[in-house]
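The values are calculated or read from the model by the stated rules, or taken from the named source; none is laboratory data. Please read these numbers as outputs of a predicted model, since none were measured by experiment. Because the Cβ atoms are built from the backbone with ideal geometry, glycine has one as well, and the counts that use them run over all protein chains shown. Surface accessibility is based on the protein's heavy atoms, side chains included, excluding ligands, DNA and RNA. Shrake-Rupley method; radii C 1.70, N 1.55, O 1.52, S 1.80 Å.
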Amino acid sequence: MTDPDVRTRAWRHARGSLQLDPPIVMAVLNVTPDSFHDGGSLSCAGEVDSGRVLQSASAAVRAGARLLDVGGESTRPGASAVDAQEELARVLPAIRAIAALDVAVSVDTRRASVAEAALEAGAVIVNDVSGLSDPAMAEVVARHGAGLAIGHLRGQPGTMQASIDFSDLLAEVAEELACSVARAQDAGVSLAHVVVDPGVGFGKTASQSAALVACSAALERAVGVPVMIGASRKSFIGAVVPSSPADRLPGSLAAAVVAVQHGAAVIRVHDVPE
């Protein structure tokens, strides 16, 4: 790794940088009605409730979150896509509601048009679970000088669990993420602005997801950038100890500890205080 910001594990974004030693907590703020764990909790009568968003965001920051991740489209297995206008109608009020907080904000989106509007509204990082499936995404990130989290995903959320086929899980995930990172660099995104996410629960079996929780050090060596792990409340935990998302806090905490022990720089969670 030749970039000094990568060596010191700093994640640069549109308004500065986040130091990743020690690892940081990213708080999930889902402004969707159908997310697998907390869908609808930040809405009222189908509309985003800015007051609830600000209250939840403020509590997360007080509890220690260094980054707030605002998502307007559920990417749970089997989820139906929403159009860009609906996604924007959800994320923009939320981002504007928390703009005054002294914390970095990311937008969780697969669409370059949504990322563009969110960055203009105050977000500083784009969290793209699809691995830059939108060809315009990297250019938008580069033009804004934003941070970028590149996730690993084969296919679409609605169908990603239908045909899972890996011969060498970590090697294939690393190779495909490295290709996405290279595309981002070709568009002008510096390595210092990038982290990668192996996509726990995204087109992976329960055992594969569990294995990827402990992959960060190896993945960082292979790809050359810090690693984010998002295991909170996911179904692989329920496969280990049968449970609904509401009952997966102990498993989520165990996964977070394992991820950090194995080199994760960012932990994406629903339960910041815990």
Need one number for the range 46-181: average projected area of the convex hull over its C-alpha atoms, nm². 9.0 nm²
With charges only on Cβ, +1 for K and R and -1 for D and E, what is the dipole size of the chain about its Cα centre, in debye, rounded to 20? 480 debye
Give me the percent of the accessible area of the chain that comes from carbon and sulfur atoms, probe 1.4 Å, all protein chains in place. 52 percent
Pick from A27, A112, A222: which is most flexible by mean-square fluctuation in a GNM of the chain where alpha carbon atoms under 10 Å apart are linked? A222
Net charge, D102 excluded, C-beta distance under 13 Å - Lys, Arg +1, Asp, Glu -1: +3
Compute a Gaussian network model of the chain, connecting alpha carbons closer than 10 Å, and tell me which residue from T159, T32, T109 fluctuates the most. T159
Placing +1 on the Cβ of each Lys and Arg and -1 on the Cβ of each Asp and Glu in the chain, which of P22, S80, I237 has its Cα farthest towards the positive end of the resulting dipole? P22
Given a 1.4 angstrom probe, what's the average accessible area per residue across the chain, in square angstrom? 40 Å²
The Cα radius of gyration of the chain, divided by 2.2 N^0.38 Å with N its residue count, comes to 0.91
Cα-based shape type of the range 125-166, given that a ≥ b ≥ c are square roots of the gyration tensor eigenvalues and the cut on a/c is 1.5: prolate
Please build a GNM for the chain, connecting alpha carbons under 10 Å apart, and tell me which residue among R90, R66, R221 fluctuates the most. R221
Taking the chain and counting helices only, DSSP H stretches of n ≥ 4 at -39,500 (n - 2.57) each over all residues, the nearest-500 ellipticity at 222 nm comes to -11000 deg cm²/dmol
Label the range 170-235 by shape, choosing from rounded, prolate and oblate, from the square roots a ≥ b ≥ c of the eigenvalues of the Cα gyration tensor; if a/c is under 1.5 it is rounded, and otherwise prolate applies when a/b is larger than b/c, oblate when it is not. prolate
Cα gyration tensor of the range 59-108, axes a ≥ b ≥ c as square roots of the eigenvalues: rounded (a/c below 1.5), prolate (a/b > b/c) or oblate? oblate
Please report the net charge: other residues with Cβ closer than 10 Å to the Cβ of A256, K and R +1, D and E -1. -1
As I understand it, the dipole of the chain uses +1 on the Cβ of Lys and Arg and -1 on the Cβ of Asp and Glu, about the Cα centre. Which of V114, V70, V140 lies farthest toward its positive end? V70
Compactness check, the range 79-146: C-alpha Rg relative to the 2.2 N^0.38 Å globular estimate gives 1.04
